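Take a look at the structure set out below.
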Amino acid sequence: MKTIKILIFNLTMLLMATLANAQSTGKYADVNGIKMYYEIHGSGNPLILLHGGGSTIQTSFGTILPALAKTHRVIAVELQAHGHTGDRNAPETFKQDADDVAELLRQLDIPNADILGFSNGGQTTLELAINHPEKVHKIVVASAFYKRDGAPDGFWDGFDKVSLNNMPKIYQDEYLKINHDQAKLLNMFNKDVQRMENFKGWTDEQIKSIKAPAFIVIGDQDVVKPEHAVEMHRLLPGSRLAILPGAHGEYLGEALFRNPNNHLSECFVEMVNQFLQSR
C-alpha cells in the first residue's frame with residue numbers, strides 16, 4: 001500500500017512538473033502595439049513556425065513541433081488576433097504579420113532564422129523573405145499560393161457570404177479554450193476573411209527577388225494547384241519542391257487531419273531537416 005502511495009505521489013509530481021514546464025514555455029513580447037505570444041522549444045539553429053489562418057500553434061504544428069524541437073531551437077509564434085496573441089485596431093495583413101515577426105526576432109536577438117510557414121503562415125513567410133531578407137536564412141512555404149489564380153477553381157466564390165458557422169469546429173474550440181470569448185473569436189474570423197477577400201498576392205518579379213533558399217510543399221489535394229507550386233518553384237532558382245499525398249496540411253498532421261496511423265508527418269519532418277541542414 002505504501003509503495004502504491006509513493007508511486008502515485010511521484011507520478012503526480014511528474015505531471016505537475018510537466019504542466020509547469022509547458023506553461024512556462026509560452027512568453028509574450030510587446031510587438032508593434034500588440035502582445036505577441038510565442039513558445040521556444042529545443043535548441044540549435046532557430047526555426048520560426050508560422051501557423052495558418054484561424055489557427056494556433058497547436059492546431060497547425062502540434063503533431064510535428066516535438067520532432068522539430070529535437071534538431072532546432074523552435075520559436076512558434078501566434079500572429080495578430082490568433083490564439084494567445086492580442087489584436088490591434090487595424091486589419092490583419094501579411095505585411096503587418098511579417099513586420100511583427102521581424103520585430104520579435106530583433107527583440108530575441110536573433111539575426112536571422114529559418115522560417116516554416118503553413119497556409120496563411122506561408123504567405124507571411126513570402127512577405128518576410130521579400131521585405132525582411134536580412135532576417136531570413138531559409139524558408140519552407142507549406143500549402144501557400146502567391147497569387148489568386150494559384151488556388152483551385154471556385155476557391156474564391158462566396159467569401160463575402162461565409163459565416164462563423166463555416167469555420168471548422170476544432171479551430172473554434174481551440175480558440176475558445178484559450179480565450180473564452182465568442183466576440184474575440186468572431187473578430188478573428190472576420191479579419192481572416194477580410195484579408196483573403198482583399199488578397200492581391202505578389203508579382204512574379206517579387207517572388208523572383210527572394211534570395212533565401214526555398215522548399216515548397218503542398219498536398220496533391222491542397223488549396224494550392226500543383227501547377228502553381230511548380231510555377232513558384234521555377235521562379236525561385238535552386239528551390240526544392242515536394243507534392244505529397246493528402247489534403248491541406250495532412251502531410252504535417254494539421255488538426256483537421258490528425259491521425260496517429262498516418263506517418264507522413266514523420267517523412268515531412270525528415271525532408272524539412274534535410275533541406276535546412278543542407279548547404
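Any residue at all in segment 102-116 that's under 15 Å from the mean Cα position of the chain (by Cα), in a helix (DSSP H, G or I) and within 26 Å of Ser265 (Cβ to Cβ)?
Within segment 102-116, not a single residue is under 15 Å from the mean Cα position of the chain (by Cα), in a helix (DSSP H, G or I) and within 26 Å of Ser265 (Cβ to Cβ).
Consider segment 231-270. How many of its residues are open to solvent by less than 50 Å² (accessible area, probe 1.4 Å) and assigned to a helix (DSSP H, G or I)?
The total comes to 10.
Pick from segment 215-230 the residues that are part of a loop (DSSP other than H, G, I, E, B) and among the charged types (D, E, K, R): which of them is most open to solvent (accessible area, probe 1.4 Å)? Full working, then the answer.
Our first condition is that a residue be part of a loop (DSSP other than H, G, I, E, B); within segment 215-230, this holds for 222-225.
Filter once more, keeping what is among the charged types (D, E, K, R): 222, 225.
On the way: Asp222: 16, Lys225: 50 Å².
Out of the qualifying residues, it is Lys225.
If we scan segment 43-51, do we find a residue that is farther than 22 Å from Thr125 by Cβ, in a loop (DSSP other than H, G, I, E, B) and either modelled with pLDDT of 95 or more or open to solvent by 90 Å² or more (accessible area, probe 1.4 Å) (or both)?
Yes, segment 43-51 contains at least one residue that is farther than 22 Å from Thr125 by Cβ, in a loop (DSSP other than H, G, I, E, B) and either modelled with pLDDT of 95 or more or open to solvent by 90 Å² or more (accessible area, probe 1.4 Å) (or both).
Is one or more of the residues making up segment 61-74 closer than 15 Å to His41 by Cβ, small (Gly, Ala, Ser) and open to solvent by less than 10 Å² (accessible area, probe 1.4 Å)?
Narrowing segment 61-74 to residues closer than 15 Å to His41 by Cβ: 61-74.
After this cut, where a residue has to be small (Gly, Ala, Ser) as well, the list is 62, 67, 69.
If we keep only those that are open to solvent by less than 10 Å² (accessible area, probe 1.4 Å) too, we end up with none.
No, segment 61-74 contains no residue that is closer than 15 Å to His41 by Cβ, small (Gly, Ala, Ser) and open to solvent by less than 10 Å² (accessible area, probe 1.4 Å).
I'm trying to understand the selection: among the residues of segment 84-111, which are under 29 Å from Leu186 (Cβ atoms), free of Cβ contacts under 8 Å to residues at least 60 places away in the same chain and open to solvent by 40 Å² or more (accessible area, probe 1.4 Å)?
Asn89, Lys95
Can you pull out every residue in segment 29-60 that is over 12 Å from Glu78 (Cβ atoms) and over 12 Å from the mean Cα position of the chain (by Cα)?
Across segment 29-60, the qualifying residues are Asp30, Asn32, Gly33, Ile40, His41, Gly42, Ser43, Gly44, Asn45, Pro46.
The values are calculated or read from the model by the stated rules, or taken from the named source; none is laboratory data. In this text, all values refer to a predicted model and were calculated from it rather than measured experimentally. FYI the Cβ positions are ideal-geometry reconstructions off the backbone, even for glycines, and counts take in every protein chain you see. In case anyone asks, the SASA skips ligands and DNA or RNA and just uses the protein heavy atoms, side chains included. Shrake-Rupley method; radii C 1.70, N 1.55, O 1.52, S 1.80 Å.
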